[in-house]
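What follows is a set of notes on a single structure, which appears directly below.
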Number of protein chains: 2
Amino acid sequence: MSELASSPSGAGSFGREGGERQRGGPASEQGFDPRTGQPVGTPVESTSDSLLDQICALATKSAASWAAADRAPYLERVADALDAESELLVSTADAETALGVPRLTGELKRTTNQLRLFAEVLREGSYLEATLDSADPDTVPPRPVLRRVLRSIGPVAVFAASNFPFAFSVAGGDTASALAAGSPVVVKAHPGHPATSRETARILTNVLPEGVFGIVHGVEAGVRLVRHPAIKAVGFTGSTTGGRALFDLASSRPDPIPFYGELGSVNPTVVLPSAATEQTATGFAASLTMGVGQFCTNPGLLFAPAGFVESLAAAVTGSSGGVMLNERMQHTYQSGVDGLAAGELVELVATGTAPEGGWAVAPKLFAVELKTFAANLEVLTEEHFGPAGLVVTYTDPAELPEVLAQLPGSLTATVHAEAADHAVAGQLAEVLADIAGRLIFNAWPTGVAVAWGMQHGGPWPATTNPLHTSVGATAIRRWLVPISYQGWPEELLPPALRADNPLAIPRRTNGTLS
Amino acid sequence: MSELASSPSGAGSFGREGGERQRGGPASEQGFDPRTGQPVGTPVESTSDSLLDQICALATKSAASWAAADRAPYLERVADALDAESELLVSTADAETALGVPRLTGELKRTTNQLRLFAEVLREGSYLEATLDSADPDTVPPRPVLRRVLRSIGPVAVFAASNFPFAFSVAGGDTASALAAGSPVVVKAHPGHPATSRETARILTNVLPEGVFGIVHGVEAGVRLVRHPAIKAVGFTGSTTGGRALFDLASSRPDPIPFYGELGSVNPTVVLPSAATEQTATGFAASLTMGVGQFCTNPGLLFAPAGFVESLAAAVTGSSGGVMLNERMQHTYQSGVDGLAAGELVELVATGTAPEGGWAVAPKLFAVELKTFAANLEVLTEEHFGPAGLVVTYTDPAELPEVLAQLPGSLTATVHAEAADHAVAGQLAEVLADIAGRLIFNAWPTGVAVAWGMQHGGPWPATTNPLHTSVGATAIRRWLVPISYQGWPEELLPPALRADNPLAIPRRTNGTLS
């Protein structure tokens, strides 16, 4: 079930791909069945400026009481309510995405588990970083009584992704972590699954206090949201182009705000000679083609011994493609791989099978020698979203570090090695640590666990900010700002900072954690 | 000695104020004595593009070994070496800044204490946020073995401030925290104290391994530095204008990088009726005029009962000004307060005394009614860097929250209240928490302790990123990025993540901190 565990993609959630259509009256978003290319469900109207302003005003109004609320039970109630409507949500999402009932059932479970993890994070309480310093008049400068804690940054905008209609969409990780932090959330729905977004939003709206959750539809609404004075930070999962455009908007506001974009990633994988086995070849093809390659952790770039290409090609030839999420994605994939095949830089070494009809594509594998790759690094590290891979062949692993160091930032980097190659693997890890947020050993990057120790981030262009993660317990840190109270009377302090520690949370007192 | 404890200012470290002069040959920076306006010391040449590129290449080259080094002893050796040359450093800085020997001696002590605090932070080890998760194949998605830790972001640029030639300059808080994080540092020296910068840089260069510390001079060098591919993040203390320009450069790079700017701040202070005493009036005047008001935590905006203006005016009338750091600053202050006095919005209620000669200015106090202030919020919340204050008079504290909520972001906000007003103070704190990073009770904002619990930051325009602090133990977090190791063999993991915890640091294991 590792396909249930995969990460969101570089697929654009900004721009007019997917279902946005202008229809004379107000613009609206229409879902389409990728298996047939035909419309499904009723269209959802794009959000007007005045409605968006109302939603943002409600978010602002609810911010203080939400930040002060006991939020863990709310997160659990949202999770329970989503689980209770699993059948409707999954069938609605399957009709709009063709991701299949098993994968979508697992993805919804992942989504509700994520909400429950954040309830756990809230109860544990160390996310508050509560810190108490007593006075010390003898130090330079003299130290007053200081008490520091983290608190919500205020209302947050979340841009949903195309390729995870649950886990990185309306009730996904950005929403869950922001709600946990005490931030009201306004989601910009992805146009690719408007009905799924509407149903999920209905459930959130029913459970949460008024104003704490809102949803908007349409490109213009997304732009207005990022510029809206009520919005204090933005989470985004989608394409590099779309994410960069919105990052630029957020950064150029009169009051710039943090923008956390999870964008494109080529996820370099190195197979060392000792690991060039049939099992590795099969594992690669499975990871490459899982979910029609529509994961941002897709292992699109594989470094392997020259003699291993044949095995990899055989595995990919035996693999199946599927229908992509939308027409633009299919078109971009197809023209990307056609361009590579027609060019002189790389060689097409394998083509898998494709189903009939709809927005179907076939897996493709290309190969190139390390020297040629290094000389054409920029063009050959472009992400081709979908089940396409490029094998870069080397003769000596010692050639790899210099080239790996020049790769663009990725969410993941992977090494496959048996004991004989552990020393080399260690050297590669030192280089890869500079270009990726998660290093994987003898496994595949698709599959992003929801855990305290997960890191789903990395240097540009993997994300717009390498200090943070969009998956795992610490994703909450993106929506929290510190405040220090100097000399305040005990009864006026937030509970997390009172002397008797009424919340019973881990705190640091005069430098010592306890 | 609270003047030794104050924070850096909104004073520009970007732009041509201070000593940058073109002289036919290569540009150079010349120090000036603010007491006379005459040059002191020999000029320092602006850094050429090729020299800057060399410095950055050395920083990149030294990054891996510095990140792996035992850095605490280095920080302590830098502190000891600075202390050992205290006399030379203080006299050099006094000649260039006129801040006085007692203040500068204390500021240098603060600077070396800061380096020692970060040595303590490194030894304590929880800054690494080491997290270990064991595998759980039964959860959705299945959890592999995950180990997460923070590591250096890479080489960092630091822009020094004008008003703290030690604590926020070459060896100041940004440099200390970045070196602690394992980042090589390239400082852009402030043109206002070139000789002080040169002497401090000499000491750092002597103690630290090659490439770990570099310094550049000149506006063009600063711009090139922020755009340089080797630089992965920027720290800045200075004016809103200069900081915003550099923030825009950092954000518009092909690969945007984090920019931590500490900019302007009006630091609202509320005196509730019970605290409108002679002692409060005297304390206000002392904080307002300390260091000729050249602190970014200067309490420039005071909300007080109408009947209290007379006492405040008397205290300011009895206070002394001094010489400002440079000619541009003096000119900007003078034209700012002259403009206010000539306008019809506010009333000049007090003028303190000024010394003779040099770049001297006198303290000024203005007053305005709350209603007029609220109607002219934008123009009346402009920072006038220097010893100028504006008293906003109210008749009922209940009028305050609505106006306070509209103030621009500040580093600090203060409430003065006796027991009778504690309930009102609590209501004000809720509003002020949204607009400031540090809330002070019955004290004055000048004086920024170096401690675990300090927060020196706040919403725009106080800083460019409200998630962080530039003072205190957690300032190190700005230069650290997370990485997860999935399934890696024990012997290839960083020491912080090995099963036997060889560093003996606090870690989180399967969600539990110990």
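The values are calculated or read from the model by the stated rules, or taken from the named source; none is laboratory data. This structure is a prediction, so every number in the text was calculated from the model and none was measured. Using ideal geometry, Cβ is built from the backbone for each residue, glycine included, and neighbour counts are taken over all protein chains shown. Just the protein is used for accessible areas: all its heavy atoms, side chains included, with ligands, DNA and RNA removed. Shrake-Rupley method; radii C 1.70, N 1.55, O 1.52, S 1.80 Å.
A few remarks follow.
- Each residue in segment A:84-97 was checked for being among the acidic types (Asp, Glu) and buried (at least 17 other Cβ atoms within 10 Å of the Cβ), and 2 of them qualify.
- Tally of residues being more than 10 Å from chain B (Cβ to nearest Cβ), open to solvent by less than 20 Å² (accessible area, probe 1.4 Å) and assigned to a loop (DSSP other than H, G, I, E, B) across segment A:126-156: 1
- Residue tally, condition outside any strand (DSSP E or B), facing another protein chain (nearest Cβ under 9 Å) and among the small types (Gly, Ala, Ser), over segment A:461-510: 3
- Selection of first residues in segment A:249-271 that are on the phi > 0 side of the Ramachandran plot and of second residues that are aromatic (Phe, Trp, Tyr) and at pLDDT 95 or above, restricted to Cβ pairs under 9 Å at least 6 apart or on distinct chains, gives an empty result.
- Candidate set: segment A:248-273, residues that are within 13 Å of chain B (Cβ to nearest Cβ) and not in a loop (DSSP other than H, G, I, E, B); chosen: the one surrounded by the fewest Cβ atoms within 10 Å (Cβ to Cβ): A:ASP248
- Scanning segment B:222-238 for residues that are part of a loop (DSSP other than H, G, I, E, B) and either open to solvent by 20 Å² or more (accessible area, probe 1.4 Å) or within 12 Å of B:ILE55 (Cα to Cα) (or both) yields a total of 5.
- Answer from B:PRO408, B:PRO506 - the residue that is open to solvent by 10 Å² or more (accessible area, probe 1.4 Å) and in the same structural domain as B:ALA374 (by TED's automatic domain parsing): B:PRO408
- As for segment B:441-454, it holds no residue that is assigned to a loop (DSSP other than H, G, I, E, B), more than 9 Å from every other protein chain (Cβ to nearest Cβ), surrounded by fewer than 17 Cβ atoms within 10 Å (Cβ to Cβ) and not acidic (Asp, Glu).
- Number of the condition not met by A:HIS422 [criteria: (1) outside any helix (DSSP H, G or I); (2) surrounded by fewer than 24 Cβ atoms within 10 Å (Cβ to Cβ)]: (1)
- With respect to being assigned by TED's automatic domain parsing to the domain that holds B:GLU120, outside any strand (DSSP E or B) and touching a residue at least 60 places away in the same chain (Cβ under 8 Å), B:LEU204 fits the description.
- Failed condition for A:LEU467, given (1) within 26 Å of A:THR240 (Cβ to Cβ); (2) free of Cβ contacts under 8 Å to residues at least 24 places away in the same chain; (3) open to solvent by 10 Å² or more (accessible area, probe 1.4 Å): (3)
- There is no residue in segment B:76-89 that is in a loop (DSSP other than H, G, I, E, B), more than 30 Å from A:VAL448 (Cα to Cα) and aliphatic (A, V, I, L, M).
- Restricting attention to segment A:177-201, the residues that are buried (at least 22 other Cβ atoms within 10 Å of the Cβ) and without any contact (Cβ under 8 Å) to a residue 40 or more places away in the chain total 1.
- Residue in segment A:325-356 that is nearest to A:GLU96 (Cα to Cα), counting only those that are part of a helix (DSSP H, G or I) and of a type in the set (A, V, I, L, M): A:MET329
- Residue list for segment B:98-125, filter: surrounded by fewer than 20 Cβ atoms within 10 Å (Cβ to Cβ) and within 9 Å of another protein chain (Cβ to nearest Cβ): B:ASN113, B:GLU120, B:GLU124
- Applying the criterion of being outside any helix (DSSP H, G or I) and within 15 Å of A:SER274 (Cα to Cα) to the residues of segment A:303-319, the residue that is most open to solvent (accessible area, probe 1.4 Å) is A:PRO305.
- Per-region count, segment B:424-440, residues within 7 Å of chain A (Cβ to nearest Cβ), in contact with a strand residue (DSSP E or B) (Cβ under 7 Å, 6 or more places away or on another chain) and over 25 Å from B:GLY173 (Cβ atoms): 2
- Verdict on A:LEU428 being in a strand (DSSP E or B) and surrounded by 17 or more Cβ atoms within 10 Å (Cβ to Cβ): no
- Just one of (1) crowded, with 19+ Cβ neighbours inside 10 Å; (2) more than 8 Å from every other protein chain (Cβ to nearest Cβ); (3) more than 24 Å from the chain's Cα centre (by Cα) fails for B:GLU402. It is (1).
- Residue in segment A:212-221 that is under 18 Å from the mean Cα position of the chain (by Cα) and buried (at least 24 other Cβ atoms within 10 Å of the Cβ) present: no
- Taking every residue in segment B:46-72 that is closer than 21 Å to B:ILE476 by Cα and pairing it with any residue that is in a helix (DSSP H, G or I), at least 6 positions away or on another chain, the pairs with Cβ-Cβ distances below 6 Å are B:ARG71/B:LEU122; B:ALA72/B:ALA119; B:ALA72/B:LEU122; B:ALA72/B:ARG123.
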